[in-house]
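K.L.:
Once you've had a glance at the structure underneath, I'll fire off some questions.
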Amino acid sequence: MSFEPHASPKHIAIIMDGNGRWSKKRLMPRNIGHLMGASNLRKIVKACVNHSVKHLTVFAFSTENWKRPPEEVAILFDLFVRYLKSEIMELQAQGIRWRVIGDQSAFPKELKDQIDFACKATERGTQLDLTVAINYGGRWDILQAVQGWQLAHPYESLDQLSQDALDPYLATHPLPEPDLLIRTGGESRLSNFLIWQCAYTEMFFTKELWPDFGEASLSEAIEWYGQRIRRFGKTDEQVQESSLRAKSVLHPN
Ligand code: FPP
């Protein structure tokens, strides 16, 4: 049975792993790896726009990353602030809407202020949603969504909560679920990133370290995605039937 390759991914999620090893290989301090990682993010954002990707969600700092040495945590937070300050005009010019997901309560004030400013300044962007997960964890997200639902429905009991009803309370709302997740750096796990949202996401794992993951690598991942058959629990025959039906709606006769 053969299938037509399906449309390109509308939502890509990336676990940008390998900055530390990138710098270690070059006998450089880890912060250089993170700097190169930030500069690579800039390139990949542009490349996503060129591929008509509408939503890009990247994992910049996990709830577990607090276990890193305090100097590295400080360097990362400082980098986020500087990235925002230097990027905001470019984000606006490219029509990119900046968003942040994660528990912001522990952020330094400067970062909070800069995030608020960037979100406001780019809210009219229509080319791409760039969502940066900072102090984010998938388990945190599920828990805060359930708590959010409960707060909004004080007279309902939890057995009235459905999967669809939880959706508006997830940190990623109103984004669609990611079609493609890319993880660089050679590990093949989700590490608590978007664990609810990635239930049916195609996953591309590469050994390439994040600062080396360029436009050609992104194209390769998108091409790989195009060859996947997304069944969402259905049989091959059902999938083929619905793809033929979609084709006849798009191109009648
Ligand atoms: C993982 O590499 C990377 C991080 C924990 C930080 C990700 C941050 C950036 C790419 C900086 C740019 C982001 C923004 C939003 C400006 P690692 O340090 O775990 O690498 P390793 O596994 O090789 O040690």
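Bear in mind these aren't lab numbers, they're just calculated from the coordinates by the rules spelled out. Bear in mind the structure is a predicted one, so any value in this text is a computation, not a measurement. FYI the Cβ positions are ideal-geometry reconstructions off the backbone, even for glycines, and counts take in every protein chain you see.
K.L.:
Could you work out the relative contact order of the stretch 184-253, using alpha carbon pairs under 8 angstrom and six or more residues apart, expressed as a whole percent? Don't jump to the answer; show the numbers that get you there.
P.N.:
On the way: 28 pairs, mean separation 21.4, N = 70.
Once divided by the residue count of the stretch 184-253, the mean separation gives 31 percent.
K.L.:
Oh, and also: Sorted from largest down, what three extents in whole angstroms do the Cα atoms of the chain have along their principal axes?
P.N.:
Cα spread of the chain along its principal axes, largest to smallest: 60, 52, 35 Å.
K.L.:
Okay, moving on. For Val73, Val58, Val100, Val81, which order do you get if you count the other beta carbons within 10 Å of each Cβ and list the fewest first? Please report the intermediate quantities before stating the final value.
P.N.:
Working: Val73 14, Val58 21, Val100 24, Val81 17.
Lowest count first: Val73, Val81, Val58, Val100.
K.L.:
Ranked from highest to lowest mean number of other Cβ atoms within 10 Å per residue, what is the order of the peptides 228-239, 165-176? Walk me through the numbers before you get to the answer.
P.N.:
Working: 228-239: 11.6, 165-176: 16.4.
Per-residue mean Cβ counts within 10 Å order the peptides as 165-176, 228-239.
K.L.:
Can you list the residues, at least 5 places off or on another chain, whose amide H is less than 5 Å from the amide H of Trp98, using H built in the peptide plane?
P.N.:
Placed amide hydrogens put Thr122, Leu130 under 5 Å from Trp98.
K.L.:
Another one. As a check on your grasp of the helix formula, calculate [θ] at 222 nm for the chain: sum -39500 (n - 2.57) over DSSP H runs of n ≥ 4, divide by the residue count, round to the nearest 500. Let's see the in-between values first.
P.N.:
Details: 8 runs with 111 residues, N = 253.
That calculation yields -14000 deg cm²/dmol at 222 nm.
K.L.:
Under a cut-off of 27 Å between alpha-carbon atoms, report the lysines in cross-link reach of Lys67, not counting same-chain residues fewer than 8 places apart.
P.N.:
Lys67 reaches Lys24, Lys25, Lys85, Lys109, Lys112, Lys207.
K.L.:
Here's another thing I want to ask about it. Neighbour counts of other C-beta atoms within 10 Å: give me Tyr200, Tyr225 arranged from fewest to most. Don't skip to the answer; put the middle values down first.
P.N.:
Numbers: Tyr200 12, Tyr225 23.
Neighbour counts put them in this order, fewest first: Tyr200, Tyr225.
K.L.:
In addition: Would you mind ranking Phe80, Phe117, Phe59 by Cβ crowding within 10 Å, fewest neighbours first? Please report the intermediate quantities before stating the final value.
P.N.:
Values: Phe80 22, Phe117 14, Phe59 25.
Lowest count first: Phe117, Phe80, Phe59.
K.L.:
Could I ask something else about it? Given the options Asp212, Asp129, Asp159, state which has the largest fluctuation in a GNM of the chain using a 10 Å cut-off (strictly under) for Cα springs.
P.N.:
The residue that fluctuates most here is Asp159.
K.L.:
Oh, and also: Relative to the present Cα-Cα distance, how much length would full extension add between Gln127 and Asp113 at 0.36 nm per residue of separation? Could the numbers behind the result be given before it?
P.N.:
On the way: separation 14, 0.36 × 14 = 5.04 nm, distance 2.41 nm.
Separation in residues times 0.36 nm, less the Cα-Cα distance, equals 2.6 nm.
K.L.:
Using a 7 Å offset from the Cα along the Cα-to-Cβ direction at both Gln240 and Ser188, what is the distance between the two label points in nm, to one decimal?
P.N.:
In this crude label model, Gln240 to Ser188 measures out at 2.9 nm.
K.L.:
Report ³J(HN,Hα) in whole Hz for each residue of the stretch 59-69, in order, from the Karplus equation J = 6.51 cos²θ - 1.76 cosθ + 1.60 where θ = phi - 60°; Gly and Pro get x.
P.N.:
9, 9, 7, 8, 4, 7, 5, 5, 6, 6, x
K.L.:
Next up: What FRET efficiency do you get for Lys43 and Asp78 if R0 is 25 Å and r is their Cβ-Cβ distance, rounded to the nearest 0.05?
P.N.:
Values: r = 21 Å, r/R0 = 0.85.
That gives a FRET efficiency of 0.70.
K.L.:
What distance in nm separates the simple spin-label points at Lys120 and Glu223, each placed 7 Å from Cα in the Cβ direction?
P.N.:
4.5
K.L.:
Would you mind computing Rg(Cα) / (2.2 N^0.38 Å) for the stretch 37-81, counting N as its residues?
P.N.:
Values: Rg = 13.3 Å, N = 45, 2.2 N^0.38 = 9.3 Å.
Computed over Cα atoms of the stretch 37-81, the ratio equals 1.42.
K.L.:
So, one more: In whole Å, largest first, what are the principal axis extents of the Cα atoms in the stretch 165-210?
P.N.:
The Cα atoms of the stretch 165-210 stretch 37, 17, 16 Å along their principal axes.
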